[in-house]
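Take a look at the structure set out below.
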Amino acid sequence: MTRMDPNRPESVDDALRRAERLEWQTLFWLVVIIAVMGLVAGGSQAFRTAWMEDMLSLLAPSFFLITRWAERRPHSRGFPYGFHRAGSLAFFLAAAALTAIGGVLLYEGCLTLIRAEHPTVGSWTILGREVWLGWLMIAALVFSVIPPVILGHRKKKIAKVLHDKVLWTDAETNAADWQTGLAGIAGIVGIAFGLWWADAAMAVLISLSVLKDGLTGMVISTIVLLDGAPRKLASMDIDPEAERIVAELESRYENARIQVRETGRYFRANIEPEEEPHITDELADEIMGNDSWRLIDVSVGVRSGWPAPGEKRRPKT
Amino acid sequence: MFAAARLLCILGCAALAACGLPKDPNGTLDHVRGGVLHAGLPAGPEQEFEQARDHLADFAASLNAELDLHTGETHRLVEELERGELDLVGPLPKSTPFKKTGFSNPYGPKDARRVWAVRAGENAFLLTVNERLVRSAPQ
């Protein structure tokens, strides 16, 4: 029985453990922040949008931790390839949720603007005097950006070591949380100055950032789920490491098309005879019955050395 | 530590209030103070009505405002409030179904909580209502 959790350098295992710890801390702080914000949530659309965004940011850390558990599970009869790609699926789901809710928030913000609804923000009796809730909401927003921004910057560093797209995207969202906080505060300060539209405008701005995060995540996870060439951490450019693998293998095999893809945090390369991209009908017929057309590819893993660079041997088929 | 935070909070709020924040988008507080308070008082049992009227008169006096009292059916009064013809309508039951207005903090006995309705978004005026009208309400 093969081990599904591949060997990794100690430094990578270390980084994974630190990432898990930071994600647990993120979850803890987000729950505290969501509770504190819920306490003072009032009529401001911008504040409620920022609050929703914080709720949505629970998804990525949760999915990261679930993925860490899932990807270590051994392969089985039902899942012969194991669960390395659980993270990509989770990433797609989180991005889809972000897109959907970002869209709803955008719609609500626009509607508030169009209907010219004036946000009403009341007051609380604290120590015998009336305190306008807007000030408390601003205090909550200031508090709400501090833990995510600190955690976000720490997670970014680890994500670079791990080449982990889920962790990177999550860290970037956290690190950019101050922008959401600032927009929320601007909305409430707008209300304080009697500018009712400022609040809805900021809500629209925040919802646009949620929507953007969602759409970017969908594009990245779609590339991974469709076996696209591995991309760099923070862009759509093909990862130079992956291109090196292709170049190296091309220099060792002739008439070969090299395919490299990413399953979870690992690269997988495939050497395919160029003239015969698929197995012949006869071969397929030999081991399959009626539906032999469905069997198009059989691969053997390289385990015992390759030709020297430039030697250009034909792949054994 | 807590005392310092408390002091800071009180000073902060005082400073902000001194700047006249929050402000009303439609300037309700500005035209009521030293001007006229257009208030809607729903028709009801005589004793309750008179108590609320006196309460409103005291509130208007505290703002040096003349009280322009309208009475009638709650729905109509709330509609006038939404159109900006009134500044204040109440007292209404806390579970009031109206959605397009702002509401004061609730007051009164547990089984009969009351609120005042103000125009949506008139936050300075609402703060004043909470400060002077709600907190001086006969319990």
Odd one out for A:L113 among (1) in contact with a helix residue (DSSP H, G or I) (Cβ under 6 Å, 6 or more places away or on another chain); (2) touching a residue at least 60 places away in the same chain (Cβ under 8 Å); (3) within 25 Å of A:V149 (Cα to Cα); (4) open to solvent by 50 Å² or more (accessible area, probe 1.4 Å): (3)
Which residues, taken from the stretch A:271-317, are acidic (D, E) and within 14 Å of A:E248 (Cα to Cα)? A:E311
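Against the definition (basic (K, R) and crowded, with 16+ Cβ neighbours inside 10 Å), how does B:R53 come out, yes or no?
no
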Give the number of residues within the stretch B:121-137 that are surrounded by 22 or more Cβ atoms within 10 Å (Cβ to Cβ), at the interface with another protein chain (Cβ under 7 Å from one of its Cβ atoms) and over 8 Å from the mean Cα position of the chain (by Cα). 2
If I filter the stretch A:176-189 down to residues being among the small types (G, A, S) and in contact (Cβ under 8 Å) with a residue 40 or more places away in the chain, which single residue comes out as nearest to the other protein chains (Cβ to nearest Cβ)? A:G187
Within the stretch A:69-88, does at least one residue satisfy the condition of being surrounded by fewer than 16 Cβ atoms within 10 Å (Cβ to Cβ) and under 30 Å from B:T101 (Cα atoms)? no
Any chance you could count how many residues in the stretch A:16-48 are hydrophobic (A, V, I, L, M, F, W, C) and under 30 Å from B:F103 (Cα atoms)? 12
Specify which of the listed residues (A:I126, A:I150, A:I101) is without any contact (Cβ under 8 Å) to a residue 40 or more places away in the chain, more than 14 Å from chain B (Cβ to nearest Cβ) and among the β-branched types (V, I, T). A:I150
Here is a check on your reading of the model: is B:V118 crowded, with 19+ Cβ neighbours inside 10 Å, within 11 Å of chain A (Cβ to nearest Cβ) and closer than 23 Å to A:R115 by Cβ? yes
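The values are calculated or read from the model by the stated rules, or taken from the named source; none is laboratory data. The shown structure was predicted, so the numbers you read here are calculated from the model rather than taken from an experiment. Every residue, glycine as well, gets a Cβ built from its backbone with ideal geometry; the counts of neighbours run over all protein chains shown. Heavy atoms of the whole protein, side chains included, go into the accessibility calculation; ligands, DNA and RNA do not. Shrake-Rupley method; radii C 1.70, N 1.55, O 1.52, S 1.80 Å.
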